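For reference, the structure discussed in these notes is given below.
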Amino acid sequence: MTMPIRIGALAPLSPPGWVEAGRHLLAGLELAVAEVNGAGGINGRPFELIVGDTAADPQKAVAVVDELAGLGISALVGEYHSVVARAAAARADALRLPFICSSAVLDALTEQPTDWVARIAPAQSRGWRLYADFLLDAGHRHVAVATVPSVYWASGTRILQDYVTPRGGSVIELEMSSLTPAALCDHLAGQGATCLLLLVGHPEPAVSLVKAIRSDPRLGNVLIGAPAGPPELPEWLTMLGTDGAAIPFLRYLPEQLPPLGVRVQAALRQRLAQAPSFVAFEGYDTVAVLAAMMRSHGTEPRRLAQAWSEVSVEGTRGQIGFSRVPGIGVWQWAWPPIQVVDRDPAAPDRFRVLRAG
């Protein structure tokens, strides 16, 4: 009997993790695994995907990585939440286990440079600077951010401040652990900010904040933004309806998908019974990269960790290769396509591309 190649997969599949994002990520991973196996596997050996639920908990993620390592996995893939992926990356590095991170964008994914971790998603600084450019060009120089304590949100706030302030703007932090949605509206009405960015958890308090702002007549001209991307997924539309439109966010798709992307999009739509998000494409691309690496370099972890610079793989959103990027401690795909997008108020199930980079 042919021994399978065991691959560990991390995803938030229960609360307080963003379960819908985890579901899309897993759909992409599973589709790619099914296609690898349908084409004969890796030198006749099938992939076996063993999934661990991180539930957006860094400590749980470390325990899951240890459990998967004990099952003899050859590599680790996945994860959506940046703070969780950071903990998983540190553990993978300590265990000398190759980890391809699918969706987490935090620049400092590891404390020190490592050869054991590579990333498909772009770094947060790249996407959020593009987002800040979009805001400034649209005339939003005084930006408020509703935030909660988190390494990820703090990093995002810092990126915005470092970009907006030297260009004559300002970024005001509103700490939501001490504010109700109504109190936030009072602050916004009194401070003159023309834009509020939601740097908070989804669905709560993000959904309650959108409803409060949309229903406050004093704030009719305030743009709501959500750079981390919750409006991308259908759940947002289900919860907010038209209130969830015209809220710009970041997504990692090209203006036009290449042929592979078009084919995978159709397969993902069938698997998910809804339009796939960019997170599902990230999942698919992760396994596509790992399969190509194993075909060329085998399944031994150390050999894989030495091969990042040799990667050149056709992905759903372009050709994928890894390099060392200044300030980023992991091997990075530099760079995936990035867009600022919102849902069209006239047809909220349709997206409008506002900026691309």
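Quick check on Gly244: is it under 28 Å from Leu136 (Cα atoms), surrounded by 15 or more Cβ atoms within 10 Å (Cβ to Cβ), modelled with pLDDT under 95 and in contact with a Phe, Trp or Tyr (Cβ under 6 Å, 6 or more places away or on another chain)? No; evaluated as a whole, the condition is false for this residue. Filter the stretch 220-238 for residues that are modelled with pLDDT of 95 or more and surrounded by fewer than 21 Cβ atoms within 10 Å (Cβ to Cβ); which is nearest to Pro122 (Cα to Cα)? Ranking the candidates gives Leu223 first.
Out of Gln265, Gln270, Gln274, one residue alone is without any contact (Cβ under 8 Å) to a residue 60 or more places away in the chain, in a loop (DSSP other than H, G, I, E, B) and open to solvent by 10 Å² or more (accessible area, probe 1.4 Å). It is Gln274. Selection of the stretch 79-131 for residues being among the aliphatic types (A, V, I, L, M), part of a helix (DSSP H, G or I) and touching a strand residue (DSSP E or B) at 6+ places or on another chain (Cβ under 8 Å) yields Val84, Ala85, Ala88, Ala89, Ala92, Leu130.
Of all residues in the stretch 178-215, those being open to solvent by 40 Å² or more (accessible area, probe 1.4 Å) and more than 21 Å from the chain's Cα centre (by Cα) number 15.
Do you know which of the residues in the stretch 286-298 that are within 14 Å of Arg317 (Cβ to Cβ) and more than 13 Å from the chain's Cα centre (by Cα) is least open to solvent (accessible area, probe 1.4 Å)? Once the filter is applied, the top-ranked residue is Val289. Of everything listed in (1) touching a residue at least 12 places away in the same chain (Cβ under 8 Å); (2) open to solvent by 10 Å² or more (accessible area, probe 1.4 Å); (3) not basic (Lys, Arg), the single unmet condition for Ala104 is (2). Can you say whether Leu31 is touching a helix residue (DSSP H, G or I) at 6+ places or on another chain (Cβ under 6 Å), open to solvent by 10 Å² or more (accessible area, probe 1.4 Å) and closer than 17 Å to Phe281 by Cα, as far as the supplied structure shows? The answer is yes for Leu31. Among residues of the stretch 18-74 being over 21 Å from the mean Cα position of the chain (by Cα) and among the charged types (D, E, K, R), the one that is nearest to Gln274 (Cα to Cα) is Glu35.
Filter the stretch 41-60 for residues that are open to solvent by 40 Å² or more (accessible area, probe 1.4 Å) and not in a strand (DSSP E or B); which is nearest to Arg295 (Cα to Cα)? Within the stretch 41-60, the match that is nearest to Arg295 (Cα to Cα) is Asn43. Residues satisfying the criterion are absent from the stretch 151-170 (criterion: open to solvent by 30 Å² or more (accessible area, probe 1.4 Å), outside any helix (DSSP H, G or I), in contact (Cβ under 8 Å) with a residue 40 or more places away in the chain and not aliphatic (A, V, I, L, M)). Against the numbered list (1) within 30 Å of Val65 (Cα to Cα); (2) over 18 Å from the mean Cα position of the chain (by Cα); (3) of a type in the set (Phe, Trp, Tyr), Phe134 comes up short only at (1).
Put simply, of Gly357, Gly318 the only residue that is open to solvent by 10 Å² or more (accessible area, probe 1.4 Å), at positive phi and either in contact with a helix residue (DSSP H, G or I) (Cβ under 8 Å, 6 or more places away or on another chain) or of a type outside the set (Ser, Thr, Tyr) (or both) is Gly318.
Within the stretch 283-322, the set of residues being aromatic (Phe, Trp, Tyr) and not in a helix (DSSP H, G or I) comprises just one member, Phe322.
Of all residues in the stretch 75-101 being surrounded by fewer than 21 Cβ atoms within 10 Å (Cβ to Cβ) and touching a residue at least 40 places away in the same chain (Cβ under 8 Å), which is nearest to Phe322 (Cα to Cα)? The selected residue is Arg96.
Screening Glu255 against (1) open to solvent by 20 Å² or more (accessible area, probe 1.4 Å); (2) at pLDDT below 95; (3) farther than 21 Å from Phe134 by Cα leaves a single unmet condition, (3). The residue that is farthest from Val151 (Cα to Cα), counting only those in the stretch 180-214 that are in a loop (DSSP other than H, G, I, E, B) and without any contact (Cβ under 8 Å) to a residue 12 or more places away in the chain, is Thr180.
The values are calculated or read from the model by the stated rules, or taken from the named source; none is laboratory data. The structure displayed is predicted, hence computed values, not measured ones. A quick note on method: Cβ atoms are made from the backbone with ideal geometry, for glycine too, and the neighbour counts reach across all protein chains shown. Heads up: the accessible areas ignore ligands, DNA and RNA and are worked out on the full protein's heavy atoms, side chains in. Shrake-Rupley method; radii C 1.70, N 1.55, O 1.52, S 1.80 Å.
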